């Protein structure tokens with residue numbers, strides 16, 4: 001082995017003793033066979049009489065190797081990263097030279113380059129290099145990266161961390177940093193004094209988060225990143241709004257005083273704040289600010305957030321991805337990671353405890369969800385509400401969840417402002433170098449209780465003994481600058497006082513008598529308007545045929561799987577034979593193509609969505625010979641926007657949150673999430689409740705987010721039968737969403753087109769589709785091509801009937817309606833008419849009433865559903881049916897009785913019960 005090869009494998013790469021002995025054998029043959037540094041090492045280690053390494057020498061080598069690894073691996077356990085209440089960590093490895101059997105004398109005779117090659121030119125010997133590493137890894141910044149599998153990443157981090165200059169800002173930079181901290185601290189103190197007991201979820205104890213974000217904006221400008229998306233819970237939110245988004249003090253103070261804050265909105269339109277007609281507490285609200293003070297235009301957005309901790313993280317990731325993509329062309333979106341950056345601020349109690357954190361981290365490297373790396377900041381208060389660390393997690397650090405995703409973690413003492421800035425520099429450098437997430441564990445404390453009315457000493461006495469005796473950051477850092485003779489003591493006090501004066505001046509501008517307290521909530525008229533269903537003459541047979549033909553123009557060298565080709569070829573038939581039908585997936589493909597032609601991008605993600613759970617979609621084809629992918633929708637003529645479809649991880653919460661956020665940011669895009677089965681959506685309920693259904697009313701946050709939720713009783717048991725239709729209907733109010741359960745492929749085609757048409761308008765709203773399973777290929781649901789020509793969406797479908805003979809009307813939706821329709825083929829009593837309710841919310845009461853009023857001999861309206869009586873649509877639509885029911889007409893329910901479970905477990909039992917419901921519904925007389 002040549003000397004050059006040895007240089008690539010010394011202990012800096014964790015070389016084992018066996019390899020070292022091999023190198024020593026070569027050294028004994030000829031000292032010139034090895035590098036100078038290895039020769040120096042062997043000369044100082046000592047040899048036994050036979051020329052081999054002595055036992056002491058071997059122990060020295062082992063000790064050096066072990067200590068080097070343990071400093072890098074475990075330095076964070078001894079680091080100066082706790083401003084207060086340092087935890088006791090038992091049985092941690094010792095980082096003392098002597099305990100590793102190494103003498104300082106030996107280290108002084110060994111080159112520094114043997115410790116790390118990048119230290120060779122900086123230090124004279126290994127002793128100095130080891131001391132440097134100890135200071136680096138146990139100082140106010142601590143590092144965890146040795147767990148990362150990628151050797152290039154590890155080496156980059158090692159060299160970057162160990163070669164850093166000493167943390168030391170210029171004098172003017174220190175003064176500016178102190179001024180920012182004084183404003184951050186002064187803001188909180190002013191609110192605490194003037195609005196006693198008001199909840200604000202103070203940032204105090206983690207004040208350095210604000211200059212950290214401010215510094216990040218400067219770094220982003222150097223990287224030419226123009227967009228910052230921030231997600232955070234309530235703690236510190238008001239401070240970030242005022243000092244990063246530059247929301248005027250007058251606006252914030254007005255909110256505490258219940259006066260109109262919008263009077264103080266900057267007139268330059270640089271700050272955008274939205275609010276719904278219901279509103280939300282001030283520490284849940286977000287905003288968007290255009291700043292130009294770093295040399296480029298930078299848009300900073302703080303996402304609206306409910307109280308549910310951590311759920312905003314994937315929303316912000318989705319917003320970031322939307323900013324990064326260009327979607328105004330055919331094919332896949334163009335993705336540029338430098339168009340936007342996500343910063344996610346987590347709570348120390350929530351980060352290791354909330355499952356959505358793990359789901360969100362898992363999105364980091366997936367093609368459909370990556371944003372080229374987010375920066376995570378764990379705002380570490382050392383306590384969650386009243387729960388201390390020993391009851392909150394099973395790990396040493398709040399940030400340890402990140403380790404399983406091969407992410408670096410940088411721990412930093414929040415009372416060391418200059419080190420905090422260094423940490424964000426390192427995080428962004430890593431993100432830019434590897435397009436991966438980086439995690440900062442910002443360790444501080446919480447000055448008061450969970451909210452400002454709590455007395456934390458009752459539950460956490462030992463922690464708060466230290467907190468109450470601990471100076472605030474403005475005094476700690478201000479005193480440091482005085483000691484460094486950068487400012488005088490008087491200048492320090494003046495800077496602190498100036499921050500208070502600025503708050504007082506803003507306060508004085510507000511008319512205290514100009515209060516805005518509503519006695520009732522009024523819903524805007526525009527919100528209450530429904531969506532129009534107008535014929536679309538632009539949908540012609542020629543247009544659809546051209547699209548359909550294009551879907552089968554495969555490349556000559558592309559081999560479609562034989563059995564699949566036979567299935568897909570059936571989609572040619574409706575354009576060749578008037579009796580052939582367009583099934584669900586075929587209608588969807590035609591709709592998607594026309595929507596793309598109209599210039600609307602489409603993003604569809606979900607569990608197995610490329611093929612479809614039920615092998616119906618096949619939007620992505622795979623060459624059976626080489627696995628190459630081909631997307632037919634990318635080859636439709638005259639397309640002006642992208643079609644992007646991804647199989648998601650087997651995750652609901654983070655994926656739904658991501659795609660919701662994507663649509664909030666890109667309102668022109670038709671964004672769809674598809675569940676494998678509808679009940680899988682249970683795992684994402686927080687996004688339906690707290691964002692999708694109520695976001696507009698609370699925050700003025702609109703979306704056209706669309707859900708495909710397979711739903712229907714088909715004998716598959718309780719878990720795969722229900723998408724919990726009743727939940728979405730109970731969430732429906734103020735025209736906040738559309739909920740449908742369709743029975744026609746043409747209607748599906750036009751519903752998707754209607755949803756796309758209203759995107760990015762005042763009438764945009766989410767769409768929830770109880771999508772079919774067995775009905776995907778049902779002949780009664782499929783329609784001929786002529787039903788797709790110049791048509792429109794129909795909120796109800798009324799089967800043909802003789803008004804003079806009808807006595808009973810059945811109202812049904814989805815699969816139940818199709819089962820009734822199927823029964824009518826063979827047994828169609830003319831006394832019964834069927835109305836298929838396609839749109840359940842907003843309820844098409846006027847249309848149904850018009851039909852009912854036209855039937856002179858009507859004596860009963862039966863609502864028929866396959867879901868249990870306490871589920872499905874019945875309880876939601878009953879009051880609306882009663883409102884439109886003609887006088888002296890009986891109302892009845894036909895379906896399963898109330899049940900705590902959505903379906904039967906036995907398939908044969910299901911069939912029997914379903915048949916009983918159909919027969920009972922179709923009875924002309926009750927005693928039949």
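Just to verify a result, which residue in the stretch 281-303, among those that are within 22 Å of residue 522 (Cα to Cα) and in a loop (DSSP other than H, G, I, E, B), is farthest from the chain's Cα centre (by Cα)?
Residue satisfying both the conditions and the ranking: 281.
Could you pull out the residue among 348, 367 that is at negative phi and buried (at least 24 other Cβ atoms within 10 Å of the Cβ)?
Answer to the selection: 348.
Residue-wise test of (1) surrounded by 20 or more Cβ atoms within 10 Å (Cβ to Cβ); (2) touching a strand residue (DSSP E or B) at 6+ places or on another chain (Cβ under 9 Å).
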| position | (1), (2) |
| --- | --- |
| 241 | yes, yes |
| 244 | yes, yes |
| 247 | yes, yes |
| 252 | yes, no |
| 258 | no, yes |
| 262 | no, no |
| 265 | no, yes |
| 269 | no, yes |
| 274 | no, yes |
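From the list 802, 819, 786, which one is surrounded by fewer than 24 Cβ atoms within 10 Å (Cβ to Cβ) and modelled with pLDDT under 95?
802
Only one residue in 700, 661, 627, 612 is in the same structural domain as residue 761 (by TED's automatic domain parsing) and closer than 16 Å to residue 369 by Cα. Which one? Give the derivation first.
Values: 700 fails: closer than 16 Å to residue 369 by Cα; 627 fails: closer than 16 Å to residue 369 by Cα; 612 fails: closer than 16 Å to residue 369 by Cα.
Testing whether each residue is in the same structural domain as residue 761 (by TED's automatic domain parsing) and closer than 16 Å to residue 369 by Cα leaves just 661.
Looking only at the stretch 127-138, decide whether some residue is touching a residue at least 12 places away in the same chain (Cβ under 8 Å), assigned to a loop (DSSP other than H, G, I, E, B) and in contact with a strand residue (DSSP E or B) (Cβ under 9 Å, 6 or more places away or on another chain).
no
Can you tell me which residue within the stretch 267-280, out of those that are assigned to a loop (DSSP other than H, G, I, E, B) and touching a helix residue (DSSP H, G or I) at 6+ places or on another chain (Cβ under 9 Å), is modelled with the lowest pLDDT?
It comes out as 274.
Restricting attention to the stretch 649-660, which residues are more than 21 Å from residue 595 (Cβ to Cβ) and in contact with a helix residue (DSSP H, G or I) (Cβ under 8 Å, 6 or more places away or on another chain)? Steps first, answer last, please.
First, pick out the residues of the stretch 649-660 that are more than 21 Å from residue 595 (Cβ to Cβ): 649-658.
If the condition is that a residue be more than 21 Å from residue 595 (Cβ to Cβ) and in contact with a helix residue (DSSP H, G or I) (Cβ under 8 Å, 6 or more places away or on another chain), then 649, 651, 652, 653, 654, 655, 656, 657, 658 are the ones that fit.
Hand me the list of strands (runs of 3 or more DSSP E) wholly inside the stretch 759-851 holding 2 or more residues that are touching a helix residue (DSSP H, G or I) at 6+ places or on another chain (Cβ under 7 Å) and within 30 Å of residue 701 (Cα to Cα).
Values: elements: 767-769, 796-798, 808-812, 832-837, 839-841.
Strands (runs of 3 or more DSSP E) meeting the threshold: 767-769, 839-841.
Restricting attention to the stretch 412-426, which residues are buried (at least 24 other Cβ atoms within 10 Å of the Cβ), in contact with a strand residue (DSSP E or B) (Cβ under 7 Å, 6 or more places away or on another chain) and closer than 12 Å to residue 83 by Cα?
412, 414, listed by residue number.
So which pairs qualify, if the first residue must be in the stretch 464-488 and without any contact (Cβ under 8 Å) to a residue 12 or more places away in the chain, the second must be surrounded by 13 or more Cβ atoms within 10 Å (Cβ to Cβ), the Cβ gap must be under 6 Å, and the two must be at least 6 apart or on different chains?
So the pair list comes out as 464/456; 464/457; 482/492.
Do we have residue 527 as at pLDDT below 95 and outside any loop (DSSP other than H, G, I, E, B) here?
Yes, satisfied.
Can you spot a residue in the stretch 637-651 that is in a helix (DSSP H, G or I) and modelled with pLDDT of 95 or more?
no
Which of the residues belonging to the stretch 650-674 are more than 17 Å from the chain's Cα centre (by Cα) and surrounded by 24 or more Cβ atoms within 10 Å (Cβ to Cβ)?
Result: 669, 670.
The values are calculated or read from the model by the stated rules, or taken from the named source; none is laboratory data. Please read these numbers as outputs of a predicted model, since none were measured by experiment. Neighbour counts are summed over all protein chains in view; Cβ atoms, including those assigned to glycine, are modelled from backbone coordinates with ideal geometry.
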